[in-house]
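Structure, as structure tokens:
The values are calculated or read from the model by the stated rules, or taken from the named source; none is laboratory data. Only a predicted model underlies this, so the values are computations on that prediction, with no experimental measurement involved. Here Cβ is always computed from backbone atoms with ideal geometry, including for glycine, and neighbour counts include all displayed protein chains. Ligands, DNA and RNA are excluded from the accessible area calculation, which covers all protein heavy atoms including side chains. Shrake-Rupley method; radii C 1.70, N 1.55, O 1.52, S 1.80 Å.
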Amino acid sequence: MNFDTVVAGGTLATASDVFRADIGIKDGRIAAVAEHLEGGERIDASGKFVLPGGIEAHCHIAQESAAGLMTADDYASGSRSAALGGNTTFIPFAAQAKGELPTETLDRYAARAEGVSVIDWSNHLIVSDLTSQALENLPKAFERGIPSFKVFMTYAIRIDDRAFLDVLATAKEGGGLAMVHAENHGLLDWTIDRLARAGHTAPKFHAPSRPAAAEAEAIRRAIALAEFLDAPLFIVHVSTPEGAEAVRDARARGARLFSETCPQYLFLTADDLDRPGMEGAKFICSPPVRDAATAKTLWHHLRLGTFDLISSDHAPYRADATGKFANGADAPFPKIANGMPGIAARLPMMFSEGVMAGRLSLQRFVQITSSEAARIHGLQGRKGTLAIGADADLAIWDPAVEKTLTLSDMGDAMDYTPFEGLRVRGWPVQVMVRGTTVVKDGAVTAPQGHGEFLPRTGPDMTDLPGSGALELAPDRMFGADIAPKLP
């Protein structure tokens, strides 16, 4: 075969294997994986790892917050930053505005991404105004290849349990996936109010204002609602041992449940918020970063398989009046924008402290950063693998490169990185999307708009038998059959 490109001499890794081979690329796809391939352009990967490109499945790009703040990164800067960090696909959120139908939301965000992103993209839909018209419109998102919907159990855009059940049922009936930010709003509101009335409003008090109990209770409640319907559910950014244990136990029962954690919960602690002046505001995110013991436990759950993914939750708000300090340079912590950047740092940090430090195998690294995202989010077979026929989305990692992370490495539109000064071993020196090099030696080489929209299917739940939804079985409902059905 006459290949367009051959990536030669590298050590390849998938979710199951590590082996030496060449990759032959033709028309943007992997056409051959074998020894000693010959072809067109030759890329020497000797001494390097050739991995599936990362899939960033949780990030906020060109998105307004509930308070109306726009993120610093749009699809141009956000996709460039993602690519510099070894990602070839990302799935930002499309946030519904009040009075807007879900399809209108998707139209608005597609206009922000099309012809702009340098890597391939899709969206998750954030559902916050669940009117009867919006609920009826929701299945139309499936027809457009957007089968994942996120809801919040806190913030001004929270929905109640009744509406949550509607989202879970609609997602199940359409073969999609509900995602949830799980924190108990009442508990948070009570704690924040008590701290504020006592005058404790510095950035450091953000961490104790959102206690582990708020996450643990909400995760358990979300799981209970999903199990009642036997519906699939994804718990985003788990930050506590109690939350992880709730996920682990539900999975052991057979629940159709997926979960993730984020690098900030593995690398940062609440002490980072206790910095001079307002510096701690840079580390405000929700759920908050916790303590070293929690980080150690979350690493343990990541290795055990409790978490399917590691995602950045990239929420870029600059440390100025456009972002963190939109409510004033000395705003109390409840008025400081939530979120921190991290889309470029995710993979290098996890490669360094996971693979190079001996915490994770290369196969597990590929699973949590790429292949499982493809399986869960309906891209299996095309993304997240080095199989013949898949898109030639490759990240070539040089384990000999050592870097101290700085803002200049991130390539985003931010004015800080919370991971400044962290030393990492290993770096993605070349990144390819559908056979085209988009990053080489720290520079983005692809033109704006190289990325394509990816229509997706629902999650692969082959290994998740489900709970059976026994309480809704017709023989326990006097013959009534009201349970949502999988398609």
Exercise. For the range 217-235, indicate whether the set of residues that are of a type in the set (Val, Ile, Thr) and in a loop (DSSP other than H, G, I, E, B) is non-empty.
Key: no
Quiz prompt | Filter result (touching a Gly at 6+ places or on another chain (Cβ under 8 Å) and open to solvent by 50 Å² or more (accessible area, probe 1.4 Å)) within the range 244-258 | solution = none
Quiz item: Looking at (1) small (Gly, Ala, Ser); (2) open to solvent by less than 50 Å² (accessible area, probe 1.4 Å); (3) touching a residue at least 24 places away in the same chain (Cβ under 8 Å), which is the one condition that is false for Gly186?
Solution: (3)
Exercise. Give the range 221-254 a look and list any residue that's more than 21 Å from the chain's Cα centre (by Cα) and under 15 Å from Thr154 (Cα atoms), or say none.
Key: Arg221
Quiz prompt | Meets criteria (surrounded by fewer than 19 Cβ atoms within 10 Å (Cβ to Cβ), modelled with pLDDT of 95 or more and within 28 Å of Ile482 (Cβ to Cβ)) for Ala202 | solution = no
Self-check item: Only one of Arg20, Arg42, Arg29 that is more than 25 Å from Phe234 (Cα to Cα), touching a residue at least 40 places away in the same chain (Cβ under 8 Å) and touching a strand residue (DSSP E or B) at 6+ places or on another chain (Cβ under 7 Å)
Solution: Arg29
Quiz item: Does Pro208 qualify as being open to solvent by 10 Å² or more (accessible area, probe 1.4 Å) and in a helix (DSSP H, G or I)?
Solution: yes
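If I filter the range 82-97 for residues that are in contact with a strand residue (DSSP E or B) (Cβ under 8 Å, 6 or more places away or on another chain), assigned to a helix (DSSP H, G or I) and surrounded by fewer than 18 Cβ atoms within 10 Å (Cβ to Cβ), do I get at least one hit?
Within the range 82-97 (the criterion being in contact with a strand residue (DSSP E or B) (Cβ under 8 Å, 6 or more places away or on another chain), assigned to a helix (DSSP H, G or I) and surrounded by fewer than 18 Cβ atoms within 10 Å (Cβ to Cβ)), the answer is no, since none of the residues qualifies.
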Quiz item: Within the range 155-169, is there a residue that is of a type outside the set (S, T, N, Q), over 28 Å from Gly451 (Cβ atoms), surrounded by fewer than 22 Cβ atoms within 10 Å (Cβ to Cβ) and touching a His at 6+ places or on another chain (Cβ under 7 Å)?
Solution: yes
Self-check item: Extreme residue, nearest to Thr437 (Cα to Cα), among residues of the range 1-33 that are more than 31 Å from the chain's Cα centre (by Cα) and open to solvent by 40 Å² or more (accessible area, probe 1.4 Å)
Solution: Asp4
Exercise. Just give me the residues in the range 174-183 being surrounded by 18 or more Cβ atoms within 10 Å (Cβ to Cβ) and not aliphatic (A, V, I, L, M), in sequence order.
Key: Gly174, Gly176, His181, Glu183
